[in-house]
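Colleague: First the structure, then my questions, so here it is.
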Amino acid sequence: MHRWIFLGWSSSAFFASLVFVDQTSPLVGRLTGTAAACHDESDPDCLDFTATQFNSFYIVFYWVGGIVAMFSGFFIARYGVWLTSCLTAAFQFLGMFLFTLGPYLTSSSSAFALMLIGRLIFSIGLFCQMVLSHQIKSHWFFGKELAVAFALYNVSSRLGSIVALSAIGAIVEDVGLQRTLWITLAFGILSVIGSIVSGWIYKKHASTSIDAAVYVDSKGIGQFGFRKVLSLCREYWIITATVCFVYGPLLTTIADYPQYLSERYGYTEAAAGQITGIVPDIAICAPVFGIFIDKFGWRDIINTLSTGLLFLAVILPVAIGNLQPIVTVTLMGVAYSGIIVGLWGSIPLVVSPGDVGVAFGVALSLQSLATGLLLLVCGILLDQSDLEAAQRWEFFFILLASCGAAAWLLSGVSIFYDHKNPLRPLRMKHVVSVIKTKSNSFIHELTPLINGTDVRGTLKK
């Protein structure tokens, strides 16, 4: 029961965080001074950011978060869950507060500097909290409802994006930029509270409700540094590489597809945003995949099918000239649903519990850096004025399709190596995890309930 309470608070924190993160998209007109309310001066708090300055909010968010995530697992292992939870909550609140104060400064350049610093500090807290939550879910739901837990957690972020995209625009029209930022800050307090409460629940109840072999091994890691990263198994690196090649096309498409619809099909800004929003709308169905995986297994097949659908979603606009946009967003939404459950839920099954925090930190770090890089490259590509619009978008989708093809290929390689493993960690419904103790003097074979029997043994090395 306690693990579900933890998941509820952790998901609430993630939900509120994404509302704050994604508020910048509907506020773009007020931040860049292009909204009608800025021209008629009905909103005197409008800023005058350039497009490059505005995009910097996203690039800094991903790249700084990626660097922080790289070291979060080591920090958690050294200082524990409770201290990390409190620090992440403090960083998130400070970042949100500084971002909210930006419009009060007299010049747009000063406002940009303060808001960028706030965004940077907030990303430190959020990405560290994400790694922490992934580690705890991997331990607490191991062999139980692991896929469903990851699905619900990731869906909470999609709900946050939907709320931000659908509500912030209407709010800012009624109350203006400054008051809107204060409203999102007040809502973001839920993220601070959720981070602290979830950490407290773990501190009070983890030792009595998490399997002893998992809990003891997760309390500390004797080996720090990149040697531990390099010691992670081959299967882990294949999954991590797949994550990098998947999330770049996904998030880049969500960011730039409205512009494509406007230029290619003549959709209005509102209509293009609504069509693109179908992707996170469909991704809310991710718990269905989670229930299937927890009941039947077959993570490797779900991963392969999802990456295949992603590849189709980004190659079809090039292959079929008059492709209806609904086809692309539907395929991508279904792919997204499987990816956020299958790929992330596979990581704790191929590493020992003591390495889960480090493994998730490295994976999230590389995914964020790769996404930021692809966003930057695609932005430069779409800014090439010497190319015709149709040609720019063709190159855009070819680049995304190349990443999608790499992800699909890697998922096939993952099936191959999983087939060679007699334990079949990705295919099986219940997984046998080989857990090494800190001293490496024993190997504990932890087998969750298989056919109603709890099998647990200790093997000498």
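Colleague: Residue-wise, which Karplus ³J(HN,Hα) couplings in Hz belong to the range 65-74, taking 6.51 cos²θ - 1.76 cosθ + 1.60, θ = phi - 60°, and x for glycine or proline?
Modeller: Karplus values, whole Hz, x for Gly and Pro: x, x, 5, 5, 4, 4, 9, 5, x, 5.
Colleague: Considering the zone a paramagnetic label at Ser402 would reach in this model (a point 7 Å from Cα along the Cα-to-Cβ line), which residues of the range 367-381 have amide N under 18 Å from it?
Modeller: So the set is 370-381.
Colleague: Roughly speaking, what is the stretch gain from Glu173 to Trp82, that is 0.36 nm per residue apart minus the C-alpha to C-alpha distance, in nm to one decimal?
Modeller: Here the segment from Glu173 to Trp82 would lengthen by 28.7 nm.
Colleague: FRET efficiency for Ile67 and Ile326, Cβ-Cβ distance as r, R0 = 35 Å, nearest 0.05?
Modeller: It comes out at approximately 0.40.
Colleague: Right, another one. Give the relative contact order (percent, whole number) for the range 15-156; include only Cα pairs under 8 Å separated by 6+ residues.
Modeller: 24
Colleague: Continuing with the same structure: For the range 27-37, just list the computed ³J(HN,Hα) in residue order, Karplus coefficients 6.51, -1.76 and 1.60, θ = phi - 60°, integers in Hz, with x standing in for Gly and Pro.
Modeller: Going residue by residue, I get 8, 4, x, 6, 6, 9, x, 9, 5, 4, 5 Hz, with x marking Gly and Pro.
Colleague: Can you figure out the FRET efficiency of Tyr265 with Leu387, using R₀ = 22 Å and their beta-carbon distance, to the nearest 0.05?
Modeller: Efficiency, rounded to the nearest 0.05: 0.70.
Colleague: Tell me, which cysteines of the chain are without a disulfide-compatible partner by the Cβ under 4.7 Å rule?
Modeller: Cys86, Cys128, Cys233, Cys244, Cys285, Cys378, Cys403
Colleague: Tell me, what is the percent relative contact order of the chain, built from C-alpha pairs under 8 Å that lie six or more residues apart?
Modeller: Normalised by residue count, the contact order of the chain is 23 percent.
Colleague: Right, here's the next one. Once you've got the Cα coordinates, tell me which of Lys228/Lys420; Lys228/Lys295; Lys203/Lys295; Lys203/Lys420 are over 28 Å apart.
Modeller: Lys228/Lys295; Lys203/Lys295; Lys203/Lys420
Colleague: Sorted from largest to smallest, which semi-axis lengths in Å does the alpha carbon gyration tensor of the chain give for its equivalent ellipsoid, taking the root of 5 times each eigenvalue?
Modeller: 38, 27, 18
Colleague: What nm value, rounded to one decimal, do you get for the distance between Ile278 and Glu41 when each label is placed 7 Å out toward the C-beta?
Modeller: 4.4
Colleague: Just to be sure I understand the model, the point goes 7 Å from the Cα along the line to the Cβ. What's the resulting Thr106 to Thr50 distance in nm?
Modeller: Rounded to a tenth, the inter-label distance reads 2.3 nm.
Colleague: Relative to the first principal axis of the alpha-carbon coordinates of the chain, what is the inclination of helix 299-319, with its axis defined by its Cα atoms, in degrees from 0 to 90 and to the nearest 10?
Modeller: Value to nearest ten degrees: 20.
Colleague: Moving on. On a straight-distance basis, which aspartates and glutamates could pair with Lys137 in a cross-link, Cα separation under 17 angstrom, same-chain partners fewer than 8 positions away excluded?
Modeller: The qualifying aspartates and glutamates are Glu145, Asp211, Asp217, Asp294, Asp355.
Colleague: Here is a follow-up. First select every other residue whose beta carbon is under 11 angstrom from the beta carbon of Gly73; then total the charges, Lys and Arg +1, Asp and Glu -1.
Modeller: +1
Colleague: Ordered by packing density, taken as the mean number of other Cβ atoms within 10 Å over each peptide's residues, highest first, how do 90-100, 271-281 rank?
Modeller: Ranking, from highest mean packing down: 90-100, 271-281.
Colleague: Next question. Using the Karplus curve 6.51 cos²θ - 1.76 cosθ + 1.60 with θ = phi - 60°, what ³J(HN,Hα) values do you get for each residue of the range 48-59, in whole Hz, with x for Gly and Pro?
Modeller: Karplus values, whole Hz, x for Gly and Pro: 9, 6, 7, 4, 5, 4, 4, 5, 4, 4, 7, 5.
Colleague: Provide the net charge surrounding Val314, with neighbours chosen by a C-beta distance below 12 Å and charges set as Lys +1, Arg +1, Asp -1, Glu -1.
Modeller: -2
Colleague: Return the calculated 222 nm mean residue ellipticity for the chain, to the nearest 500 deg cm²/dmol, obtained by summing -39500 (n - 2.57) across DSSP H runs with n ≥ 4 and dividing by the residue count.
Modeller: Using -39500 (n - 2.57) per qualifying helix, the result is -26000 deg cm²/dmol.
Colleague: Around Arg179, what is the net charge, scoring Lys/Arg as +1 and Asp/Glu as -1 over all other residues with Cβ under 12 Å from its Cβ?
Modeller: Local net charge: -3.
Colleague: Mind running the shape call on the range 31-96? Use the C-alpha gyration tensor, a ≥ b ≥ c as the square roots of the eigenvalues: rounded below 1.5 for a/c, prolate if a/b tops b/c, oblate otherwise.
Modeller: Note, shape of the range 31-96 comes out oblate.
None of the figures in this text is laboratory data; all of them are computed from the coordinates on show. Everything quoted here is computed from the prediction, not taken from an experiment. Quick reminder, even Gly has a Cβ in these numbers, built from the backbone with ideal geometry, and neighbours come from all protein chains shown.
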